[in-house]
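Engineer: Input: one structure, supplied below.
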Amino acid sequence: ESVRKADLFAGVFLVVAGLIAIYVVIPAEIGGRSAYGLGPDFFPRLLMWLFVLFAVLLVGHRAWTAWRGTPETEGPAPMKRADWMFITGISVFLAVTWQLMVHFGFVIAGIFVLGVVGVLMGSLRSNPVRLVLVTLAAPPVIFYGFKHLFLVYLPS
């Protein structure tokens, strides 16, 4: 019963967060028009609508099983310390990435993301030179590729 309630709560929270992103965050952060058909906010809105759809499906499925009285397939598993540390770590990582993007742009935030993810995946130990080269080269190449080839301006 507690897992079903947690899923219902999480699903409703995700639906609300997705709708806030669609109607508040995306219009505030992504502006302008494109002369080539799709606006710069098309893909972020599409992804957020898919996010909201899946959250609604989660809520609907859990509400349906609760209404039918279907027994749960898994028992409630309490969160362990490692789970909370992982959630906290990811939250801090995303907050730092967002702040770097806002204050310093895509290239600096991309270098941070690739560096952290590369270290966590063990690339520092297995091939440190490749990690440094990819971390420093990929974000500027992506930034200028999008800017000059696709005329999509990433935060700078």
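The values are calculated or read from the model by the stated rules, or taken from the named source; none is laboratory data. No experiment lies behind these values; they were computed from the predicted model shown. Neighbour counts run over all protein chains shown; Cβ positions are idealised from the backbone, glycine included. The accessibility values were calculated without ligands, DNA or RNA, using every heavy atom of the protein model including side chains. Shrake-Rupley method; radii C 1.70, N 1.55, O 1.52, S 1.80 Å.
Engineer: Find the residue count for the range 119-128, including only residues that are open to solvent by less than 80 Å² (accessible area, probe 1.4 Å), under 21 Å from Phe93 (Cα atoms) and not in a helix (DSSP H, G or I).
Structural biologist: Within the range 119-128, residues that are open to solvent by less than 80 Å² (accessible area, probe 1.4 Å), under 21 Å from Phe93 (Cα atoms) and not in a helix (DSSP H, G or I) number 1.
Engineer: Taking the range 129-146 only, how many residues are more than 18 Å from the chain's Cα centre (by Cα) and open to solvent by less than 60 Å² (accessible area, probe 1.4 Å)?
Structural biologist: 7
Engineer: Please indicate, with yes or no, whether at least one residue in the range 74-82 is free of Cβ contacts under 8 Å to residues at least 12 places away in the same chain and surrounded by 12 or more Cβ atoms within 10 Å (Cβ to Cβ).
Structural biologist: Looking through the range 74-82, none of the residues is free of Cβ contacts under 8 Å to residues at least 12 places away in the same chain and surrounded by 12 or more Cβ atoms within 10 Å (Cβ to Cβ).
Engineer: Let me ask something else. Counting only residues that are out of contact with any helix residue (DSSP H, G or I) (no Cβ under 7 Å at 6 or more places or on another chain) and in a loop (DSSP other than H, G, I, E, B), which one in the range 1-34 is modelled with the lowest pLDDT?
Structural biologist: Checking each candidate, the answer is Glu1.
Engineer: Out of Leu94, Leu114, Leu151, Leu136, I need the residue that is under 22 Å from Phe42 (Cα atoms) and not β-branched (Val, Ile, Thr). Which one?
Structural biologist: Leu151
Engineer: Within the range 119-156, work out how many residues are on the phi > 0 side of the Ramachandran plot and among the small types (Gly, Ala, Ser).
Structural biologist: Count: 1.
Engineer: When you check Thr88 against the structure, is it surrounded by 11 or more Cβ atoms within 10 Å (Cβ to Cβ), in a helix (DSSP H, G or I) and of a type in the set (Val, Ile, Thr), yes or no?
Structural biologist: no
Listed here are the residues, each with its yes/no results for (1) open to solvent by 60 Å² or more (accessible area, probe 1.4 Å); (2) at pLDDT 95 or above; (3) in contact with an Asp or Glu (Cβ under 7 Å, 6 or more places away or on another chain).
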position: Tyr36; (1), (2), (3): yes, no, no
position: Trp49; (1), (2), (3): yes, yes, no
position: Leu57; (1), (2), (3): yes, no, no
position: Trp64; (1), (2), (3): yes, no, no
position: Glu72; (1), (2), (3): no, no, no
position: Gln99; (1), (2), (3): yes, no, no
position: Ile108; (1), (2), (3): yes, yes, no
position: Ile111; (1), (2), (3): no, yes, no
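Engineer: Okay, moving on. So which of Pro155, Pro139 ends up being outside any loop (DSSP other than H, G, I, E, B) and either closer than 28 Å to Ser91 by Cβ or touching a strand residue (DSSP E or B) at 6+ places or on another chain (Cβ under 8 Å) (or both)?
Structural biologist: From the options Pro155, Pro139, the qualifying one is Pro139.
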